[in-house]
1. Report, by residue number, each residue of the stretch 177-202 that is more than 25 Å from residue 44 (Cβ to Cβ) and assigned to a strand (DSSP E or B).
2. Tell me, which strands (runs of 3 or more DSSP E) lie completely within the stretch 12-122 with 3 or more residues that are in contact with a helix residue (DSSP H, G or I) (Cβ under 9 Å, 6 or more places away or on another chain), at pLDDT 95 or above and buried (at least 18 other Cβ atoms within 10 Å of the Cβ)?
3. With the requirement that a residue be under 9 Å from the mean Cα position of the chain (by Cα), under 15 Å from residue 177 (Cβ atoms) and part of a loop (DSSP other than H, G, I, E, B), what does the stretch 139-162 give you?
4. Taking the condition of being within 15 Å of residue 82 (Cβ to Cβ) and either out of contact with any helix residue (DSSP H, G or I) (no Cβ under 6 Å at 6 or more places or on another chain) or loosely packed, with under 14 Cβ neighbours inside 10 Å (or both), how many residues in the stretch 175-189 meet it?
5. Test residue 130 against the criterion of being surrounded by 15 or more Cβ atoms within 10 Å (Cβ to Cβ), touching a helix residue (DSSP H, G or I) at 6+ places or on another chain (Cβ under 7 Å) and either at pLDDT 95 or above or within 22 Å of residue 90 (Cα to Cα) (or both), and give yes or no.
6. Take the conditions farther than 19 Å from residue 20 by Cα and touching a residue at least 40 places away in the same chain (Cβ under 8 Å) and apply them to residue 115. Does it pass?
7. Just to be sure I understand the filter: pairs with C-beta atoms under 8 Å, separated by 6 or more residues or on different chains, first member in the stretch 194-212 and closer than 14 Å to residue 56 by Cα, second member part of a helix (DSSP H, G or I). Which pairs pass?
8. Could you tell me which residue of the stretch 148-169 is modelled with the highest pLDDT, considering only residues that are surrounded by fewer than 24 Cβ atoms within 10 Å (Cβ to Cβ) and within 18 Å of residue 215 (Cα to Cα)?
């Protein structure tokens with residue numbers, strides 16, 4: 001029996017099919033040969049501003065919807081405060097799950113340790129006054145809030161869901177990537193960052209360097225190269 005041969009062909013009528021992440025590109029190249037990835041640039045540039053990583057605050061930003069699993073973070077934080085009662089989790093956003101989150105905070109008596117904040121425009125100071133960023137989503141695209149956290153030099157703990165986190169988080173370098181649903185490892189990585197200031201600082205420096213790859217001029221150069229290549233074709 002002859003082995004089956006898969007022949008990849010370009011997506012009909014499209015010279016280049018652009019996706020945001022390498023994970024998306026890998027998946028789409030199972031079907032087509034003209035797929036490339038170009039990520040989004042910074043939504044803002046904090047220049048030389050970075051967090052001092054001294055505040056006893058972890059943050060997460062996003063819609064208060066089931067996909068983001070902020071309820072999961074609240075439950076994990078109950079275990080954090082058993083050992084570190086002076087650490088605070090701030091969740092910034094709005095959405096249909098807000099009352100459920102408030103009920104969960106009350107159930108675990110975390111009113112002093114978990115704070116819900118409304119969306120605001122002063123995001124640089126929000127990141128700057130934190131010491132780590134948490135992502136617990138069940139799925140993500142290219143996460144601009146994670147990129148903002150990197151820009152302010154925050155180490156990140158994230159579930160390695162499809163496809164965004166692995167694009168931005170280098171495991172054990174700019175933060176920690178955790179297998180989805182592995183709550184024990186996720187919690188332990190939060191505790192590592194709480195307990196080891198030197199580790200926070202090292203990962204924070206790496207995060208700021210990582211963010212430089214997504215400066216507007218660098219991303220626009222990728223588009224410029226792409227358009228010139230199409231013109232030459």
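The values are calculated or read from the model by the stated rules, or taken from the named source; none is laboratory data. The shown structure was predicted, so the numbers you read here are calculated from the model rather than taken from an experiment. A quick note on method: Cβ atoms are made from the backbone with ideal geometry, for glycine too, and the neighbour counts reach across all protein chains shown.
1. Within the stretch 177-202, the subset more than 25 Å from residue 44 (Cβ to Cβ) is 178-192, 194-199.
Result: 178, single match.
2. On the way: elements: 17-19, 35-37, 57-61, 88-92, 114-117.
Qualifying strands (runs of 3 or more DSSP E): 57-61, 88-92.
3. 143
4. Kept after step one, since they are within 15 Å of residue 82 (Cβ to Cβ), are these residues of the stretch 175-189: 183-184, 187-188.
Next, from what is left, pick out any that are either out of contact with any helix residue (DSSP H, G or I) (no Cβ under 6 Å at 6 or more places or on another chain) or loosely packed, with under 14 Cβ neighbours inside 10 Å (or both): 183-184, 188.
Residues in the stretch 175-189 being within 15 Å of residue 82 (Cβ to Cβ) and either out of contact with any helix residue (DSSP H, G or I) (no Cβ under 6 Å at 6 or more places or on another chain) or loosely packed, with under 14 Cβ neighbours inside 10 Å (or both): 3 in total.
5. On the way: surrounded by 15 or more Cβ atoms within 10 Å (Cβ to Cβ): yes; touching a helix residue (DSSP H, G or I) at 6+ places or on another chain (Cβ under 7 Å): no; either at pLDDT 95 or above or within 22 Å of residue 90 (Cα to Cα) (or both): yes.
Spelling it out, it is not the case that residue 130 is surrounded by 15 or more Cβ atoms within 10 Å (Cβ to Cβ), touching a helix residue (DSSP H, G or I) at 6+ places or on another chain (Cβ under 7 Å) and either at pLDDT 95 or above or within 22 Å of residue 90 (Cα to Cα) (or both).
6. Values: farther than 19 Å from residue 20 by Cα: yes; touching a residue at least 40 places away in the same chain (Cβ under 8 Å): no.
In short, no.
7. 194/80; 200/193
8. It comes out as 148.
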